[in-house]
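Any read-out appearing in this document is the output of simple, stated calculations on the displayed coordinates, not a laboratory observation. These numbers come from a predicted model, not from an experiment.
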């Protein structure tokens, strides 16, 4: 009798498995982005590119604050990291005294309250000025 129950139970389970639908999970994917090359004449001139050598602080802020274009935010972040890397230890006292998250918070506030005059300045100078205010390097007096 127990054998009949085991066989009947197995048949029920097998039939349920056979009738079950199997689906392959697909990870969500972002929409394809337009070509980001300067050789493309249809490229949006408002997007940051490698030829933005004299980028204004306002243009940097617009890209960095973008809520719709992740690529622009990433490019602005990379620009910011380049300026921070270049100026670390000279005009501001480095990551050993200030965490990257704190830097981002403070710079975000700084750029959010950017005056029209500062918005026309070169972005690298504005970032440098902000870091000088935030965490200046104190020179030791050597005698």
When only C-alpha pairs under 8 Å and at least 6 residues apart count, what is the relative contact order of region 57-134, in percent? 47
How long is the gain from residue 86 to residue 3 if the chain were fully straight, where each residue apart is worth 0.36 nm and the alpha carbon distance is subtracted? 22.1 nm
For region 57-134, divide the Cα radius of gyration by the Kirkwood radius and give the resulting Rg/Rh value with two decimals. 0.94
Calculate, in nm to one decimal, what residue 93 and residue 23 gain on full extension: separation in residues at 0.36 nm each, minus their alpha carbon distance. 19.8 nm
